[in-house]
Amino acid sequence: MNKEETILQLKNIVKPYVKNQEAFENLNEETDFINDLKINSANLVDVILDIEEAFNIVIDNASMERMLNVQATLDIIETKLAEK
C-alpha cells in the first residue's frame with residue numbers, strides 16, 4: 001500500500017469525526033487532528049480503533065500518544081504494517 005492509498009483510507013476513517021470540513025478538504029501530511037480538524041480527544045480514540053481495524057494492526061499506548069497529525073499517523077501505520 002502506498003502513501004496516497006494510506007492517506008485516502010485515513011481520510012475515510014476520520015471523516016465521520018471531523019468538525020472542520022474546510023480543513024478536511026485540504027487534508028495533508030501536516031494536518032493536525034485536534035487543532036485543524038477539530039476532532040475531540042474521545043473521538044481520536046475512536047479514530048485509532050478504526051485505524052487498527054482497517055489496517056489489521058495493534059497500536060500501543062506510546063504510539064497512540066504520538067498520533068496527533070497525519071504525518072505521525074502515517075509513520076506509525078507504516079511501521080506497524082512492516083512489523084507484521
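The values are calculated or read from the model by the stated rules, or taken from the named source; none is laboratory data. Note that the structure is predicted; figures quoted are calculated from it, not measured. Reconstructed Cβ throughout: ideal geometry from the backbone, glycine too, with neighbour counts over all protein chains shown. The accessibility values were calculated without ligands, DNA or RNA, using every heavy atom of the protein model including side chains. Shrake-Rupley method; radii C 1.70, N 1.55, O 1.52, S 1.80 Å.
Could you check how many residues of region 20-70 are assigned to a loop (DSSP other than H, G, I, E, B) and either open to solvent by less than 90 Å² (accessible area, probe 1.4 Å) or within 20 Å of Asn2 (Cβ to Cβ) (or both)?
Pass one, region 20-70, residues assigned to a loop (DSSP other than H, G, I, E, B): 20, 26-31, 33-40, 56-60, 67-68.
Still in the list and also either open to solvent by less than 90 Å² (accessible area, probe 1.4 Å) or within 20 Å of Asn2 (Cβ to Cβ) (or both): 20, 27-31, 33-34, 36-37, 39-40, 56-57, 59-60, 67-68.
Number of matching residues: 18.
Each row is one residue, and each column tells you yes or no for (1) among the aromatic types (Phe, Trp, Tyr); (2) under 12 Å from Ile13 (Cα atoms).
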residue	(1), (2)
Asn35	no, no
Asp46	no, yes
Asp50	no, yes
Phe55	yes, yes
Met64	no, no
Met67	no, no
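If you scan region 71-84, which residues turn out to be open to solvent by 50 Å² or more (accessible area, probe 1.4 Å) and either free of Cβ contacts under 8 Å to residues at least 40 places away in the same chain or farther than 18 Å from Lys3 by Cα (or both)? Explain how you work it out, then say what you get.
Initial filter on region 71-84 (open to solvent by 50 Å² or more (accessible area, probe 1.4 Å)): 75, 78-79, 81-84.
Scanning region 71-84 gives Asp75, Thr79, Ala82, Glu83, Lys84.
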